[in-house]
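Here is the structure we will look at, set down as C-alpha cells.
The values are calculated or read from the model by the stated rules, or taken from the named source; none is laboratory data. As the structure is a prediction and not an experimental result, all values here were calculated from the model. Positions of Cβ are generated from backbone atoms using ideal geometry, with glycine treated the same way; all protein chains shown enter the neighbour counts. For the accessible areas, the whole protein counts, side chains as well, though only heavy atoms, and no ligand, DNA or RNA atoms are used. Shrake-Rupley method; radii C 1.70, N 1.55, O 1.52, S 1.80 Å.
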Amino acid sequence: MPVVSTIKEKCRRCYTCVRTCPAKAIKVEEGQAKVVRERCIACGSCIKVCRQEAKAVRDSTSAVKELFWNNEKVIACLAPSFPAAFPQVKPGQIISAVRALGFTEVMEVAFGADLVARAHARWARKNGHKLFISSPCPALVLYIKKYFPSLVTNLAPIVSPMVAMGRLIKRSYDPEAKVVFIGPCIAKKAEIDDPEVSADVDAVLTFVELETMLHEAGIAMENLPENEPDGPIPRLGRIFPVPGGLLRSAAMKDDICRNQFLVTEGKEACTQILNEVLEGAVEAKFLDLLFCEGCINGPAFPNELSVFARKELVANYVQERLASERETRHSADMRKYGRVNLSRAFIVEDHRLLTPSKEIIREILRRTNKIQPEDELNCGACGYTSCQEKASAVYWGLAENEMCLPYLIDQLEENLHQLAQSHKELTEAQQQLIQSEKLASVGQLAAGVAHEVNNPLGTILLYSHMLLEKLGNKDARREELEIIAKEATRCRDIVRGLLDFARQRKLQMENIDLNKILNEVLSLASKQPSFQKVEISKALDPSLPRVSGDPVQLKEVFLNIVSNAGEAMPRGGRVAVSSKFNNGGGNIEVAIHDTGHGVSPENLNKIFMPFFTTKQIGQGTGLGLAIAYGIVKMHRGSIDVESKQGEGTTFVVKLPLVNPSKSGGEVIGG
C-alpha cells in the first residue's frame, strides 16, 4: 500500500498538491489528483496544503495493535521532537501515556541521533576533501535517489537515528523485542519499506496516529504522572530536530570564512542547493539538508503551533534534561552501544522524465489555444511553474489539458456565447411558433367569416350597380347609392384579403434574381402618390446569388413593406433598400429602412398580427404585414423589424439559400 494516497471523494481539483509536490508525483486523471507511488518521496507536502483533507497516509495503528497481541515485548521509540507534539502536557506524561497503550518500554530516538551525529563527524574528518550530504532525512534521501541520481554517491552512508535505534535494540539491547518508531515524519513509513533497513524497525506511527490510539483507548495524558524514558540516555541528540541540530549534536564547528558546512531546510531551498551542486557552484563540503524546516515542522504534528513555538518546547526539554542527568551515564551508554553498525548503502531509483521535443511541446500547447509564445501566461494555476512544464507533464500522462485555467475560461466563455445564441434562437423560434399559431387561429376564423360575408356583399354590389344604371345622372338618390357601392367594394377587398390570408397558397418556385424583383418593386412604388416627396436609394449587391422562390409572392412582400414605408412619411423622407449575401449565415438579407415616424415599443410586437394597423380607419385593413409574414415563413425565411419613434423603421428579410423544395416545384403553406 502506498504511503500517501488520494481520497477520491474529497478531491476538488484545486491542484494545490500538484503545485506543492517537489517530485511532481501527482497525476491528474479525469480531474482527480492521484499520487504516483513510484515517484512519491512521502515528504507530506501535499498533506499539509490540502484543505479538503483529500490525502490519506498509510495507517499503521492496526499493525501496532497486532504487535501488542503477538509479542511480549514491543518498544516505542519517540522522535526527538516529541516534547512539541502535545504541548498541553509535560514530556514525562507523554512517556506514561505511550507506556499505558501497551508498550513494554519507551525510549528516546535522540540517543540514536547521538550515534548518527558522531558517525557524521567521523565521516567528515575522514572524507573532508569530498562533498557529502547528510542522510537522516528519508524524504531528502528518496528525492536524491529518484531525481538527482548522480548525487547518490554524495550521500553519507549512514543510517538515520530511527534505524540506528532499531539496530541498537534488535542487535544489542533486546533482540526479541519489536520496535515501533513514533514521530512527525511520514517519510519514515517509506524508509522502513527499503530492504536495506526494513528489518530494523517493525512499524512507524505518526504523532497523529498516536493521538488516535490514545483517544480510542480512553487514555487522558493530562491525568497521568510523569515518567522517565527507558533505555540508553541521550544528550545533545535531543536537539536533532531543530535546524542545524546535526552539527550541534556532532559538535562540528564551522568557520564562517571557510564556509565548509551548509545547513538548509525546506523543499525549495533543498532543490535549489542540489541543482547548484550539479552545476558545481557549491564550495561547502558538508551539506546538512532537511526537507522540512527541521523535523519540528514535520507534516504529522497533531497541533498548529508555529515552528518557533515547537523549537522552544524542544529546547526547554533539552535544557531540563541536561541539567538533571549525569553526563557520565550518557558516556557509558555511548561506550556500551557505540559499536552498533550504522552503515548503509543507497541504490539509485531514477525517475527523471526527459523533456519532449519542441515540436511535441508546441502541439500540446496548441490544444489549449497557446499558438504564440505570448499566449503562454505561465500563471501557475495548473500547479506547474510554466506552460511548457505542464505540456511536458501532459506528454508523460501526469497532467490533462483541462487543467489550464485560462483555457477553461475561454471554453466557458465560448460555451456561454453558444448557449446565449441557442437561447436566442429558441426564443425566436418560440415567438415564431406563437405567431404562427395565432395566425392560423385567426386565419381559420377569418376564412369562415369571409365565406359567410362574401355572398351578401356580392348581392349588395350587384343590386347597387343595377339601381345606378336605372337612375339618371341628376337623381338625388344616385350619390347615396354610389356610397353604398363604394363601401361594399371596400368590404369586398377586405374579405378578399381575409381569404388570401387564410387560404393555403402554393409557392410556385423559380430560380429568381432577387435584385430584379426589388428593382421592379421600387419602380412600382415610385409611381404611388405617397412617394411624391420620398427619396429612394438602393444598395443592391451585384454578386448576389440566385435563389429559389415564388417571384409573385415575394414581390407582394417587398411591395407591401415599401408601400408602408412611403405612407409613414407624408411630409417626405427617404427609403433605403439594400441586399447582401451572408456567407456565414448561408442566406440573403434584404433590408428596407425608412425615416418615418417609427412604431411605438408597445405596438412593435403586434405589427404582424392580422387586422392590426396604426393607419386611420378606412386607410388600411391590417392584413398586409400578416400576409407578408406568412409568405416569408413559407420560404423558410425570417422577417424582423426594428423601430425607434422619430427616427424610422427597418425591416430585415432573410431568405435561405437552401431551397425549401426543388426549383420549379410547389410548397403548400398558409
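Observations
- Across segment 43-57, a minimum of one residue is classified as touching a Lys or Arg at 6+ places or on another chain (Cβ under 8 Å), at pLDDT below 95, open to solvent by 10 Å² or more (accessible area, probe 1.4 Å) and charged (D, E, K, R).
- Only a single criterion out of (1) touching a residue at least 12 places away in the same chain (Cβ under 8 Å); (2) out of contact with any strand residue (DSSP E or B) (no Cβ under 9 Å at 6 or more places or on another chain) is not satisfied by Lys285, namely (2).
- Selection count where residues are open to solvent by less than 80 Å² (accessible area, probe 1.4 Å) and in a helix (DSSP H, G or I), scope segment 325-375: 12
- Hits in segment 363-387 - residues which are in contact (Cβ under 8 Å) with a residue 12 or more places away in the chain and either touching an Asp or Glu at 6+ places or on another chain (Cβ under 8 Å) or of a type in the set (A, V, I, L, M) (or both): Ile364, Leu365, Asn369, Lys370, Leu377, Ala381, Cys387
- Residues (open to solvent by 80 Å² or more (accessible area, probe 1.4 Å) and modelled with pLDDT of 80 or more) located in segment 467-483: Leu467, Glu469, Lys470, Arg477, Glu479, Glu480, Glu482, Ile483
- Cβ-Cβ under 7 Å pairs, at least 6 apart or on other chains, segment 293-315 side in contact (Cβ under 8 Å) with a residue 24 or more places away in the chain and acidic (Asp, Glu), far side assigned to a helix (DSSP H, G or I) and surrounded by fewer than 22 Cβ atoms within 10 Å (Cβ to Cβ): Glu293/Val307
- Cross-chain or 6+ apart pairs with Cβ under 9 Å, segment 9-24 first and more than 14 Å from Val35 (Cβ to Cβ), then polar (S, T, N, Q) and open to solvent by 20 Å² or more (accessible area, probe 1.4 Å): Arg12/Gln52; Arg13/Gln32; Cys14/Gln52; Arg19/Thr385
- Test for Ser578: is it open to solvent by 20 Å² or more (accessible area, probe 1.4 Å), hydroxyl-bearing (Ser, Thr, Tyr), under 20 Å from Ser523 (Cβ atoms) and within 54 Å of the chain's Cα centre (by Cα): yes
- Within segment 128-170, considering residues that are surrounded by fewer than 18 Cβ atoms within 10 Å (Cβ to Cβ) and of a type in the set (Gly, Ala, Ser), the one nearest to Leu287 (Cα to Cα): Gly128
- Residue within segment 560-574 that is open to solvent by 20 Å² or more (accessible area, probe 1.4 Å), in a strand (DSSP E or B) and closer than 21 Å to Lys644 by Cβ present: yes
- Within segment 493-543, the only residue that satisfies the criterion of being among the aromatic types (Phe, Trp, Tyr) and at pLDDT below 85 is Phe501.
- Filtering segment 595-605 for residues that are touching a strand residue (DSSP E or B) at 6+ places or on another chain (Cβ under 7 Å), assigned to a loop (DSSP other than H, G, I, E, B), of a type outside the set (S, T, N, Q) and within 28 Å of Val495 (Cα to Cα) leaves a non-empty set.
- Filter result for Leu445 (of a type outside the set (Val, Ile, Thr), exposed (fewer than 11 other Cβ atoms within 10 Å of the Cβ) and modelled with pLDDT under 75): no
- No other residue among Ile592, Ile617, Ile588, Ile627 is modelled with pLDDT under 90 and either open to solvent by less than 20 Å² (accessible area, probe 1.4 Å) or not in a loop (DSSP other than H, G, I, E, B) (or both) apart from Ile627.
- Count of residues meeting criterion [surrounded by fewer than 24 Cβ atoms within 10 Å (Cβ to Cβ) and not in a helix (DSSP H, G or I)] in segment 107-127: 1
- Residue count for segment 171-195, restricted to those that are acidic (Asp, Glu), open to solvent by 30 Å² or more (accessible area, probe 1.4 Å) and more than 46 Å from the chain's Cα centre (by Cα): 1
- Screening segment 637-670 for residues that are modelled with pLDDT of 85 or more and in a loop (DSSP other than H, G, I, E, B) and picking the one that is nearest to Leu507 (Cα to Cα) gives Gly637.
- Taking each residue of segment 266-281 that is without any contact (Cβ under 8 Å) to a residue 40 or more places away in the chain and acidic (Asp, Glu) and looking for partners that are surrounded by 12 or more Cβ atoms within 10 Å (Cβ to Cβ) and assigned to a loop (DSSP other than H, G, I, E, B) with beta-carbon atoms closer than 9 Å, six or more apart or interchain, yields Glu276/Val282.
- Single unsatisfied condition, Glu327 versus (1) at pLDDT 90 or above; (2) under 30 Å from Ile169 (Cβ atoms): (1)
- Segment 63-88 - residue that is open to solvent by less than 20 Å² (accessible area, probe 1.4 Å) and in contact with a Leu (Cβ under 7 Å, 6 or more places away or on another chain) and, of those, farthest from Ile186 (Cα to Cα): Val74
- Here is the figure for segment 514-523: residues that are open to solvent by 10 Å² or more (accessible area, probe 1.4 Å) and either over 25 Å from Phe581 (Cβ atoms) or touching a strand residue (DSSP E or B) at 6+ places or on another chain (Cβ under 7 Å) (or both) total 2.
- Any hit, segment 412-423, residues being hydroxyl-bearing (Ser, Thr, Tyr) and either within 30 Å of Gly624 (Cα to Cα) or modelled with pLDDT under 90 (or both): no
- In segment 376-404, of all residues being of a type in the set (D, E, K, R) and out of contact with any Gly (no Cβ under 9 Å at 6 or more places or on another chain), the one that is least open to solvent (accessible area, probe 1.4 Å) corresponds to Glu376.
- Meets criteria (of a type in the set (Val, Ile, Thr), more than 27 Å from Pro243 (Cβ to Cβ) and crowded, with 19+ Cβ neighbours inside 10 Å) for Val28: yes
- For Glu293, the conditions (1) open to solvent by 20 Å² or more (accessible area, probe 1.4 Å); (2) assigned to a helix (DSSP H, G or I); (3) of a type in the set (D, E, K, R); (4) in contact with a strand residue (DSSP E or B) (Cβ under 9 Å, 6 or more places away or on another chain) all hold with the exception of (2).
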